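This report concerns only the one structure given below.
The numbers here are math on the coordinates, done by the rules we state, and not lab data. The model shown is predicted, which means the values in this text are computed figures rather than measured ones. All Cβ positions, even for glycine, are placed from backbone atoms using ideal geometry, and neighbour counts span all protein chains on display.
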Amino acid sequence: MENHLLYICMVFVLAGMVKGVTGIGLPTVAMALLGLVMPPLQAAAILVVPSLLTNVWQMLERRGLYALWLRLRLMLVGVCAGTLVGGAFLAKGDGRAVLGAALLLYALLGLSSWRWQVRAGQEPWLGPLVGAATGVLTAVTGVFVLPAVPYLQALGLEKEELVQAMGLSFTVSTLALAVMLAGHGAWQPAEAGISFLAQLPALVGLALGTRLRARLEPQLFRRCFFITLLLLGGHLSLASG
């Protein structure tokens, strides 16, 4: 893994920058690029610390966290349960095909004009199902976005509230992933050390992305982001076939 140290640092600078501009994307970009050179399980172990740090930062940027927790707690409990259940699939292949498929689906959703709307009466039963599905995919691929992000976008939250909600969801997903990896002996000293090291380039990228946010056209950047994920997802899917 030491042979890939420079590559890992460059990946987290880029992933942090994407998150700084869009509010999402650090785990997705990191897993997509790290998955090119290592199994997703190993990449997920490296992801833990930088993902946790940047998402806690995003989660605490504004007030109103407790109200969001009350609204989303059933979904977040589902995330934890789904991640623990998804850990049972760790031994079945290296997960690259599933990671590639998840990236392809997320990219296609991001590039489409399809929009989902969740009514208030659906949240008590739909939230836990979405959380459980997100947790299973988190355990298998290390990516936290599906179906959590489309669900959160469908709740009709204000822009800054949505960013905070995603930070809360990703924080819980990261903690659940860390517990699952530790329980399966997948967070070894080497991965833990590189994970702590990776927080530095991730924070540099986050700071750069935050400064770039005001200068870039958000829609154009998001389109380029999803096209890149589409290409990476396709490559991972074909390479694992």
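One table, with the values for the structure above:
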| item | result |
| --- | --- |
| Extended-chain gain in nm, criterion 0.36 nm per residue less alpha-carbon gap, residue 57 and residue 157 | 34.1 nm |
| Inter-label distance for residue 111 and residue 239, nm, one decimal - labels placed 7 Å from Cα along Cα-to-Cβ | 1.9 |
| Cα-Cα pairs of segment 35-111 separated by more than 14 Å (percent) | 77 |
| Taking 151, 66 and counting other C-beta atoms within 10 Å, the order from fewest to most | 66, 151 |
| Likely footprinting exposure, 116, 69, fewest C-beta neighbours within 10 Å first | 116, 69 |
| Whether segment 103-241 is rounded, prolate or oblate, judged on the alpha carbon gyration tensor where a/c under 1.5 counts as rounded | rounded |
| Projected label distance in nm at residue 88 and residue 211, using a 7 Å step from Cα toward the beta-carbon | 4.9 |
| Sequence of 191, 123, 61, 158 once ranked by neighbouring C-beta atoms within 10 Å, starting from the fewest | 158, 61, 123, 191 |
| Net charge dipole size for the chain [Lys, Arg +1 and Asp, Glu -1 on Cβ; Debye, nearest 20] | 500 |
| For segment 59-127 and segment 173-207, distance of Cα centres in Å | 20 |
| Inter-site label distance for residue 37 and residue 221 at 7 Å from Cα along Cβ, in nm | 2.5 |
| Helix-only mean residue ellipticity at 222 nm for the chain, each DSSP H run of n ≥ 4 adding -39500 (n - 2.57), per residue, nearest 500 | -25500 deg cm²/dmol |
| Calculated SAXS-style log₁₀ I(q)/I(0) at q = 0.09, 0.11 Å⁻¹ - the chain, Debye, Cα scatterers | -0.33, -0.51 |
